[in-house]
1. Anything in region 69-108 that is part of a helix (DSSP H, G or I), under 22 Å from residue 39 (Cβ atoms) and open to solvent by 10 Å² or more (accessible area, probe 1.4 Å)? List them, or say none.
2. How many residues does region 19-46 contain that are under 20 Å from residue 58 (Cα atoms) and in contact with a strand residue (DSSP E or B) (Cβ under 7 Å, 6 or more places away or on another chain)?
3. Say we look at region 1-21 and pick out the residues that are outside any helix (DSSP H, G or I) and of a type in the set (Asp, Glu); which of these is surrounded by the most Cβ atoms within 10 Å (Cβ to Cβ)?
4. Exactly one condition in (1) closer than 18 Å to residue 73 by Cβ; (2) of a type outside the set (A, V, I, L, M); (3) open to solvent by 50 Å² or more (accessible area, probe 1.4 Å); (4) at pLDDT 95 or above is false for residue 45; which is it?
5. Do you know which residues across region 17-33 are farther than 17 Å from residue 66 by Cα, in contact (Cβ under 8 Å) with a residue 12 or more places away in the chain and not hydrophobic (A, V, I, L, M, F, W, C)?
6. Which of the residues spanning region 56-68 are assigned to a helix (DSSP H, G or I), under 18 Å from residue 32 (Cβ atoms) and open to solvent by 10 Å² or more (accessible area, probe 1.4 Å)?
Amino acid sequence: MATLLIVDDDNLVRDTLHELLSAAHECHTADRAEQAIAYLEIQTYDVVLTDLAMPRLSGRDLLSHIQAKHPTTPVIVISGMFEEDDAREIVDAGAFAYFAKPFRLDEIEGAVDRAITRHQELSVEDAGRDKGADDDVAPEMEPPG
């Protein structure tokens, strides 16, 4: 069972994702990036799903933190706004996938499954080599549904 962190300041989105994913995975939730960062200090997550626009620290800030401190943890970004340039920038910054709201639940489930697999692969690779090497991974980006 994978452990997921769901970060969104919108209760409905956060609760929907929790309900969708908690049947198959252990899910923790946070309503802001600061809370997520605190969780990341004490818990290892297989995947983080985060909103982009949140008060104070954004999903971009959270992605940067995860990239720096937990580089093998895939981050799936979910945003209420879809701008092609912004989406590409987020993916180029290291997001595993980008989804615009409203999103399809089956697409989120599929991306989470692929991210879990990728996290397991990276963890095995990381255990067998120095942390300085990076893999070229083609991230996913979904247009608005």
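1. Hit for region 69-108 is 69, nothing else.
2. At the first step, the residues of region 19-46 found to be under 20 Å from residue 58 (Cα atoms) are 28-41, 45.
So of that shortlist, the ones also in contact with a strand residue (DSSP E or B) (Cβ under 7 Å, 6 or more places away or on another chain) come out as 28-30, 33, 36, 39, 45.
Qualifying residue count, region 19-46: 7.
3. Step one: of region 1-21, the residues outside any helix (DSSP H, G or I) are 1-10.
Add one more test, that the residue is of a type in the set (Asp, Glu), and what stays is 8-10.
Values: 8: 27, 9: 16, 10: 15.
Only one residue tops the list, namely 8.
4. Answer for residue 45: the failing condition is (3).
5. 18, 25, 26 - these are the residues of region 17-33 that are farther than 17 Å from residue 66 by Cα, in contact (Cβ under 8 Å) with a residue 12 or more places away in the chain and not hydrophobic (A, V, I, L, M, F, W, C).
6. Going residue by residue through region 56-68, those that are assigned to a helix (DSSP H, G or I) are 59-68.
Going one step further and asking which of them are under 18 Å from residue 32 (Cβ atoms), we end up with 59-66.
60, 61, 64, 65 - these are the residues of region 56-68 that are assigned to a helix (DSSP H, G or I), under 18 Å from residue 32 (Cβ atoms) and open to solvent by 10 Å² or more (accessible area, probe 1.4 Å).
The values are calculated or read from the model by the stated rules, or taken from the named source; none is laboratory data. In this text, all values refer to a predicted model and were calculated from it rather than measured experimentally. In this analysis, Cβ positions are derived from the backbone assuming ideal geometry, glycine residues included, and neighbour counts consider all displayed protein chains. The accessibility values were calculated without ligands, DNA or RNA, using every heavy atom of the protein model including side chains. Shrake-Rupley method; radii C 1.70, N 1.55, O 1.52, S 1.80 Å.
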